[in-house]
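Bear in mind that the values in this text are calculations on the coordinates, not laboratory data. Here the structure is a predicted model, which means the values were calculated and not measured. Using ideal geometry, Cβ is built from the backbone for each residue, glycine included, and neighbour counts are taken over all protein chains shown.
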């Protein structure tokens, strides 16, 4: 038995070592940024570099939170991303349900068109969209930025929701209809609770996508009062005074923490949601 266990362990070693290497590659820069955020500026640029600060300090984080524009940037990031995801779900859930349950002429073509729109590079649409918004006077509009961000995640939302709905046996809906339930009641009281993990997965992907979006806000909302944390972070790279690496790493950690915390809370639903649509019936 010990021999079989030893052979099994030795057979798993390549996978274990591979996972360790990938973990170091992925987490290495994050840990380096985290350590740098606690360094003074002198220690952050010293050669040879130190893996951990000799005298850790919270001064960089204090500067981030005391920045007069920080709360405004944070609010804009939250408002844009959460608003875009809510609108995408309001459109994507009915659309995905209809794609999964209804049959009509041109359905496949329509779904391919929806999927195709998500493959168009956002950069290719920047110039015409900018001139359109400038002409009608809608630049620096938070609502417009939210709608643009929403439009970019609606296609994947519709496709994901359709897969999740297809995984729910249609016999359940037939039984509810026999009992007198309306289509709205079926979606609200039956389908939504059953695909809740899938909705959590879609919402998480949407939040991460919109939260990290830089180019949309930078181009369509150039005013400082409308910028997000990501725009504020990139602006520091072009600061004429120079880059403060310790301060920037503290800013990076603060700007990333909301998404990391959110993912930690919904991790269980996120994983089960991604696998739910893969199995039908």
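Note that the stretch 213-266 carries a Kirkwood radius of 12.3 Å, evaluated over its alpha carbons pair by pair. Residue exposure proxy: 179, 73, ordered by other Cβ atoms within 10 angstrom of their Cβ from fewest to most, comes out as 179, 73.
Sort the stretch 79-237 into rounded, prolate or oblate with this rule: let a ≥ b ≥ c be the square roots of the eigenvalues of the Cα gyration tensor; rounded if a/c is under 1.5, and if a/c is not under 1.5, prolate when a/b is larger than b/c, oblate otherwise.
Numbers: a/c = 2.74, a/b = 2.12, b/c = 1.30.
Because a/c hits 1.5 or more and a/b exceeds b/c, the stretch 79-237 counts as prolate.
As a proxy for reagent exposure, ranking 248, 17, 262, 119 by other Cβ atoms within 10 Å from fewest up yields 119, 17, 262, 248. Between helix 126-136 and the chain there is an angle of about 80 degrees, using the helix long axis and the longest principal axis of the Cα atoms.
In whole angstrom, how far apart do the alpha carbon centroids of the stretch 123-164 and the stretch 200-231 sit? About 11 Å separates the Cα centre of the stretch 123-164 from the one of the stretch 200-231. Let me make sure I get this right: for the stretch 1-119, a, b and c are the square roots of the gyration tensor eigenvalues over alpha carbons, sorted descending. Under 1.5 in a/c it's rounded, otherwise prolate if a/b > b/c, else oblate. Which is it? Judged from the Cα gyration tensor, the stretch 1-119 comes out oblate (a/c at least 1.5, b/c at or above a/b).
Calculate how steeply helix 142-166 sits against the longest principal axis of the alpha-carbon atoms of the chain, using the helix alpha-carbon long axis, and give the answer as 0 to 90 degrees to the nearest 10. It is inclined by approximately 50 degrees.
Note on the chain: GNM, Cα springs under 10 Å; of 35, 124, 84, the largest mean-square fluctuation is that of 124.
The mean of 1/r over all pairs of different alpha-carbon atoms in the chain, once inverted, gives a Kirkwood hydrodynamic radius of 22.3 Å. To the nearest whole percent, what portion of all C-alpha pairs in the stretch 142-204 is separated by more than 17 angstrom? Here the tail beyond 17 Å accounts for 50 percent of pairs. In the elastic network of the chain, a GNM with C-alpha springs shorter than 10 Å, the most mobile of 34, 220, 160 is 34.
The angle between the Cα long axis of helix 70-101 and the main principal axis of the chain comes to about 20°, on a 0 to 90 degree scale.
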